[in-house]
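Peer 1: After the structure tokens below, expect a handful of questions from me.
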Amino acid sequence: MAPVEHVPISPPSFIGGDLFHLRLSSPKNLADVKYVLLCGTRSRAHAIAAQFTVNPIDLTDGDRYTLLCPHPAALVASHGIGVGSVDTLLHEVHKLLTSFEVTHYTLLRVGTCGGIGLSPGRLIVTRNAVNGLFEPAQRMCVLGHMRKFEGHLDATLREQLLSTAGRLFGNDVAVEGDTMCAETFYVAQCRADGAFAEGTDKERRDFLQTCLKRGVRNIEMESLPIAAFAKRARIPAAVVSVALVDRLVHNSPTEDEYVLRKHQDRAVRLVTHFVKEQINKV
Ligand code: R2B
Ligand code: URA
């Protein structure tokens, strides 16, 4: 694949200005970006970028978020943990791209999650992202009111990702299902192994069974703001997560670091393979 050309341009107010958290340190022309791949951590962002090129351009100072440009058509960003963190990143990446007149791009999250009735290593491609009340909407207190922002994930993208997963890994690795986007890792995900917990063991087990009955196959922490942002921005989005633990069996992951990394590589492989295929079609 051709190396990315480093074209010096000057996006006027963006360095240390409007993009307060992205903190762009290296200007680059982003007019050809078509895919934005999101993941939680800096190291995963680098692992994703490495699937495109050996030497991706790092656009930020990397203190809060990593933003890499490994191909003229692809950006890779790390979003940290949770709703507030990913929401802030989405606003700033969108502002950055629209400054290059890129208003239509595809958002793809490559993440980890707790599976529900799914063993570690299984992939879940999200149908609907739902909140802890099973609503397909992000609740937010705005101007003294509780607002609901509905989410939308693209059905065609989901089908394409499921079919790519079938080709890469066989038919028993990836499933489609609803994803619960929890506000916290411990209490909101019914864990008993935080510093504090809510409810009894039975109540927590029963809630996870209710999730399963209602079509929720996994729990993570960013799918809903991504779906809600995609709907507002009118862009297609998909969320792919790899299960690190089956929440019907354990609270937190029990496998060793090496095995967990292997699971995450599978989600990275699926999404980067898909994006590279789409880019090469053009
Ligand atoms: C999955 O993993 C992180 C928490 O460990 C969080 O970002 C998420 O959605
Ligand atoms: N990330 C989550 O948010 N939950 C899990 O159980 C695992 C990873």
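What follows is calculated from the coordinates using simple rules that are stated; it is not laboratory data. Treat the numbers as computed from the prediction; the structure is a model and nothing was measured. When we count neighbours, we look across all protein chains shown, and the Cβ atoms used for this are built from the backbone with ideal geometry, even at glycine.
Peer 1: For the stretch 60-140, what does the relative contact order come out to in percent, with C-alpha contacts under 8 Å and a separation of six or more? It would help to have the intermediate numbers written out before the result.
Peer 2: Numbers: 38 pairs, mean separation 9.0, N = 81.
Relative contact order, the stretch 60-140: 11 percent.
Peer 1: For Arg64 and Arg234 in the same chain, what is the full-extension length gain: residue separation times 0.36 nm, less their Cα-Cα distance, in nm? Can you show the working numbers first?
Peer 2: Working: separation 170, 0.36 × 170 = 61.20 nm, distance 2.67 nm.
Roughly 58.5 nm would be gained on extension.
Peer 1: With +1 on each Lys and Arg Cβ and -1 on each Asp and Glu Cβ, how big is the dipole of the chain about its Cα centre, in debye rounded to the nearest 20? Each step should come with its number before you reach the end.
Peer 2: Numbers: 32 positive and 30 negative charges, 95 e Å.
The calculation lands at about 460 debye.
Peer 1: Treating cross-link reach as a plain straight distance, find the aspartates and glutamates whose alpha-carbon is under 20 Å from the alpha-carbon of Lys262, omitting any fewer than eight places away in the same chain.
Peer 2: Straight-distance partners of Lys262: Asp172, Glu220, Asp246.
Peer 1: When the chain is treated as a GNM, springs tying every alpha-carbon pair under 10 Å, which of Ala45, Ala228, Ala155 comes out with the largest mean-square fluctuation?
Peer 2: Evaluated over the chain, the most mobile residue of the options is Ala155.
Peer 1: Between Glu101 and Ser252, what is the label-point separation in nm under the 7 Å Cα-to-beta-carbon projection?
Peer 2: Between Ser252 and Glu101, the label points sit 5.0 nm apart.
Peer 1: To continue, here is another question. Evaluate 2.2 N^0.38 Å with N set to the residue count of the chain, then give the Cα radius of gyration divided by it. Don't skip to the answer; put the middle values down first.
Peer 2: Numbers: Rg = 18.5 Å, N = 282, 2.2 N^0.38 = 18.8 Å.
Ratio of Cα Rg to 2.2 N^0.38 Å: 0.99.
Peer 1: Pop the C-beta distance of Leu212 and His21 into the FRET formula with R0 = 30 Å and round what comes out to the nearest 0.05. Working shown, then result.
Peer 2: On the way: r = 37 Å, r/R0 = 1.22.
Efficiency for this residue pair is about 0.25.
Peer 1: Something else about it: For helix 83-98, report the angle its Cα long axis makes with the longest principal axis of the Cα atoms of the chain; keep it between 0 and 90° and round to the nearest 10°.
Peer 2: That helix lies at roughly 20 degrees to the long axis.
Peer 1: I've got another one for you. Would you mind getting me the FRET efficiency between Thr200 and Phe134? Use the beta-carbon distance for r and R0 = 35 Å, nearest 0.05. Don't skip to the answer; put the middle values down first.
Peer 2: Numbers: r = 21 Å, r/R0 = 0.60.
Working from the Cβ atoms, E equals 0.95.
Peer 1: Another question, if that's okay. Fewest first, what order do Met180, Met221, Met140 take by the number of other Cβ atoms within 10 Å? Working shown, then result.
Peer 2: Details: Met180 28, Met221 25, Met140 14.
Final ranking by Cβ density, sparse to dense: Met140, Met221, Met180.
Peer 1: On a 23 Å Cα-Cα criterion, which of the cross-link pairs Lys34/Lys276; Lys34/Lys231; Lys34/Lys281; Lys148/Lys202; Lys95/Lys231; Lys95/Lys276 come out too long? Walk me through the numbers before you get to the answer.
Peer 2: Values: Lys34/Lys276 11 Å; Lys34/Lys231 17 Å; Lys34/Lys281 13 Å; Lys148/Lys202 31 Å; Lys95/Lys231 16 Å; Lys95/Lys276 25 Å.
Violating the 23 Å Cα-Cα cut-off are Lys148/Lys202; Lys95/Lys276.
Peer 1: Oh, and also: Which peptide among 246-256, 80-90 comes first, and what is the full order, when sorted by highest mean count of other Cβ atoms within 10 Å?
Peer 2: On the way: 246-256: 15.5, 80-90: 19.6.
The peptides rank, most packed first, as 80-90, 246-256.
Peer 1: If you take all C-alpha pairs in the stretch 135-233, what percent of them are over 24 Å apart? Don't skip to the end; give the middle numbers.
Peer 2: On the way: 1829 of 4851 pairs.
That tail contains 38 percent of the Cα-Cα pairs.
Peer 1: Which is the longest part of the chain that has none of the chymotrypsin sites (Phe, Trp or Tyr not before Pro) sitting in a DSSP loop with at most 16 other Cβ atoms within 10 Å? Numbers along the way, then the final one.
Peer 2: Values: sites that count: Phe20, Phe100, Phe134, Phe185, Phe196.
Formally, the longest exposed-site-free interval is 197-282.
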